[in-house]
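S.K.: If you scroll down you'll find the structure; I have some questions about it.
Derivation of every value follows stated rules applied to the coordinates shown; laboratory data play no part. These numbers come from a predicted model, not from an experiment.
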């Protein structure tokens, strides 16, 4: 490339110099020819006597001419035979040349030639010279532009993605450095891409929601879980206000952008989330915020249920204990009449049994919650077990004038017999307690392929539709006043639900108000 540039620049210089020299030579040649012709036409010849008087002049009247004996050329010719001189006229910008020679008769012949000065010559040809100079410069410009394009074209057309690049030798080190830097940059980009892919894979597969905002609160990134939390497909470029109108969250986010960490409990779509907001610092400047959403619905519900359970247990235990304590105190203080004591004893016994029943149910539920309800499976006849349960509850059914019936086939199942006994007992007992006088409770056992079903249907008071989904909750009772009269604790169906889940079954409840309730339990053989 260096040689090519040198050749091109040398060519431009040579062309420019030669062009100007040729132009200047043409101008000089023309001017010299012109001056020669004009000089012949304007050559002045004078004949001067020895005393300086002009006796002949071919261009002027001798009578008007001054005496020339003091002219330098005349003095020199008089003394040495010839003389020369030159004089410049500032007025006309001309220069005159004089030559004098002495004749044999003593007179002096003088020749005079007047020409333009070099300045006048230059001034005369300045316009022409400038025009020609502009033409030469214009030619040089276009030539230089074209040559520059030819020099630069290989550089502009270089394909840095090719393994081999054909270009100037001088560019080889430069190309090699570019190639090395390109490989290094590509490796760095690939490393960053791999790191970004790993981070994206981690964040996108997180169950926790993750949102990153800038210092203006505009969302830069949000993973799939966060988008699902706020029911949106894309949050990038939006603010939190666009996707959530929760005032507390917005206030906490502003607090976070001010440099303080924050946390809150957020409810979205019937789920509870613990939200942790942390500022992102670059040096000492807050450049954004990181929001982490943890689904704590199960923990929150468990805590709520625990609190409700504690409150319900306290209430359920307090009622029989209060009555037992009151009756015992009356007997102790002699306030009870002797004939009333047997009645008080019966009530104390009944409340004690109720208290023991509640405690036993609580222990059973705690065992299920803590995973301690482990028992071995055994094979037994489900029909025989159902009939045994019916027999044990016949007295209670007779008191309510409720008819108990077992229908369906007898077949053997493999399960925990004690739990199935408790399941049937609770379902039939509930059917009796919440039935109408003269009603019925029918236990139906059926089998199909590799599954079987236990159905307990009563003709009782039924369950309002808005309460059906809650009847298996602990201590939940549709009619608390009726439950207190019947001795219900609200734990029977909760225990049934746990037993069904323990055996990997399903529970379905159907009910029509004032017509009856049907509860079905589905299991696999």
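S.K.: What translational D, rounded to a whole number of µm²/s, comes out for the stretch 389-429 from Stokes-Einstein when the hydrodynamic radius is the Kirkwood one over Cα pairs, at 10 °C and 1.306 mPa s? Spell out each step's value before the answer.
M.R.: Working: Rh = 11.5 Å.
D = 138 µm²/s.
S.K.: Between Rg and the Kirkwood Rh of the stretch 206-295, both from Cα atoms, what is the Rg to Rh ratio? Intermediate values should be presented prior to the final figure.
M.R.: Values: Rg = 12.0 Å, Rh = 12.8 Å.
Using only Cα positions, Rg/Rh for the stretch 206-295 is 0.93.
S.K.: Based on the Cα gyration tensor of the stretch 394-476, what are the three equivalent ellipsoid semi-axes, each the root of five times an eigenvalue, rounded to whole Å and given largest first?
M.R.: 23, 18, 13
S.K.: Find the Cα radius of gyration of the stretch 43-116, compare it with 2.2 N^0.38 Å by division, and give the number to two decimals. Write down the numbers at each step before the final one.
M.R.: Values: Rg = 11.9 Å, N = 74, 2.2 N^0.38 = 11.3 Å.
Ratio of Rg to 2.2 N^0.38 Å for the stretch 43-116: 1.06.
S.K.: Sticking with this structure for a sec: Against the 2.2 N^0.38 Å scaling, with N counting residues, where does the stretch 375-524 land? I'd like the Cα-based Rg ratio to two decimal places.
M.R.: Numbers: Rg = 14.6 Å, N = 150, 2.2 N^0.38 = 14.8 Å.
Rg over 2.2 N^0.38 Å, computed on Cα atoms: 0.99.
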